[in-house]
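Below is one structure, written out as structure tokens, with a few remarks after it.
The values are calculated or read from the model by the stated rules, or taken from the named source; none is laboratory data. The structure displayed is predicted, hence computed values, not measured ones. Glycine gets a Cβ as well: all are built from the backbone with ideal geometry, and neighbour counts include every protein chain shown. Heavy atoms of the whole protein, side chains included, go into the accessibility calculation; ligands, DNA and RNA do not. Shrake-Rupley method; radii C 1.70, N 1.55, O 1.52, S 1.80 Å.
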Amino acid sequence: MPDSRPPAAATVSIIIPTYNEAAQIGALVTYLRAHGAAEASVELLVADAQSPDGTAGVAAAAGARVLQCPRKGRAAQLNHGARHASGQLLYFLHADTLPPANFLTYIRQALADEATGSGCFRLCFDYPHWFLRLSAWFTRFDLDLVRFGDQSLFVRAEVFWRAGGFQEELLVLEDQEIIGRLRRHGRFRLLPFAVTTSARKYRENGVFRLQFTFGLLCALYYLRVPQPAMVRTYRHLIRQDKL
């Protein structure tokens with residue numbers, strides 16, 4: 001049954017999947033704790049895939065609870081974090097993304113509506129390239145085609161599990177695939193506030209080159225190309241090994 005308590009009382013679990021994010025995770029955890037994650041009603045979980053760069057130690061020192069995941073892969077790590085979460089509301093966040101300062105209030109208010117099961121924020125980048133500004137502008141539209149994990153995802157815990165969680169066999173576009181299933185279990189709410197995500201991958205690969213690659217991966221996904229072929233394409237075209 002949906003929680004009947006006021007939104008201010010709803011407990012929240014923030015779940016961050018990591019692999020070799022030692023340079024990013026400390027600042028993110030510090031930011032989140034400064035904006036409400038240090039409250040007793042909020043738990044901050046870092047689901048780490050046994051990073052060799054010391055990510056776990058940095059996250060723990062900053063104040064997060066670190067979960068060592070038995071399997072690498074964002075979907076598997078997010079599910080692992082959710083299985084260890086105690087919050088009524090789950091908030092999935094990338095390690096290089098900052099939510100707006102009042103994100104906890106926005107999430108609780110959105111999910112106080114019993115018809116709403118899940119939702120996300122709009123997107124902006126930390127790099128002032130005109131094409132990235134244009135790309136981020138499109139995230140104001142409620143279209144699944146422009147819903148990706150960089151925008152973060154909040155969801156009632158019971159809705160998340162009723163929908164089946166993330167599909168762990170997906171190593172690419174697992175964040176987009178889940179949206180359609182979540183919509184079957186309640187309204188998906190796109191909030192009029194933006195998270196700020198790092199454009200580091202665009203700077204390393206080139207803005208247009210990387211955007212073309214993402215577009216190609218989306219096309220392959222909708223053409224039902226097998227995941228192993230998509231992963232090979234990702235690794236061949238993107239100069240950052242996170243898979």
Restricting to segment 56-78, and then to whatever is of a type in the set (Gly, Ala, Ser) and part of a loop (DSSP other than H, G, I, E, B), can you tell me which residue is surrounded by the fewest Cβ atoms within 10 Å (Cβ to Cβ)?
GLY63
Output the number of the condition that ARG224 fails; it satisfies all remaining conditions of (1) in a loop (DSSP other than H, G, I, E, B); (2) over 19 Å from LEU145 (Cα atoms).
(2)
What is the residue count in segment 11-29 for residues that are farther than 16 Å from THR196 by Cα, open to solvent by less than 10 Å² (accessible area, probe 1.4 Å) and in contact with a Ser or Thr (Cβ under 9 Å, 6 or more places away or on another chain)?
3
Checked pairs for segment 41-55, first farther than 14 Å from ARG65 by Cβ and open to solvent by 10 Å² or more (accessible area, probe 1.4 Å), second among the β-branched types (Val, Ile, Thr) and not in a strand (DSSP E or B), C-beta under 7 Å and 6 or more apart or across chains, list as SER41/THR11
State which residue pairs qualify: first residue open to solvent by less than 20 Å² (accessible area, probe 1.4 Å) and inside segment 110-131, second residue hydroxyl-bearing (Ser, Thr, Tyr) and part of a strand (DSSP E or B) in any location, beta carbons under 7 Å apart, and separation of 6 or more residues or different chains.
ALA110/THR116
How many of the residues making up segment 193-221 are in a helix (DSSP H, G or I) and either farther than 18 Å from GLY73 by Cβ or not aromatic (Phe, Trp, Tyr) (or both)?
20
Complete set of residues in segment 202-217 that are in contact (Cβ under 8 Å) with a residue 24 or more places away in the chain and among the aliphatic types (A, V, I, L, M)
VAL207, LEU210, LEU217
For segment 132-163, which positions are of a type in the set (A, V, I, L, M, F, W, C) and open to solvent by 30 Å² or more (accessible area, probe 1.4 Å)?
LEU134, TRP137, PHE138, PHE141, LEU143, LEU145, VAL146, PHE148, TRP161
Tell me whether segment 164-180 contains one or more residues that are within 19 Å of ALA110 (Cα to Cα), open to solvent by less than 10 Å² (accessible area, probe 1.4 Å), assigned to a helix (DSSP H, G or I) and not β-branched (Val, Ile, Thr).
no
Does ARG181 count as of a type in the set (D, E, K, R), in contact with a Gly (Cβ under 8 Å, 6 or more places away or on another chain) and either under 22 Å from ASN79 (Cβ atoms) or modelled with pLDDT of 90 or more (or both)?
yes
Within segment 223-237, is there a residue that is under 27 Å from LEU32 (Cβ atoms), open to solvent by 70 Å² or more (accessible area, probe 1.4 Å) and of a type outside the set (Lys, Arg)?
no
In this structure, is GLY81 part of a loop (DSSP other than H, G, I, E, B), open to solvent by less than 60 Å² (accessible area, probe 1.4 Å) and under 21 Å from HIS185 (Cβ atoms)?
no
Applying the selection to segment 197-210, what residues are open to solvent by 50 Å² or more (accessible area, probe 1.4 Å) and out of contact with any Lys or Arg (no Cβ under 9 Å at 6 or more places or on another chain)?
ARG203, PHE208, ARG209
Among the residues of segment 86-114, count how many are at pLDDT 95 or above and part of a loop (DSSP other than H, G, I, E, B).
11
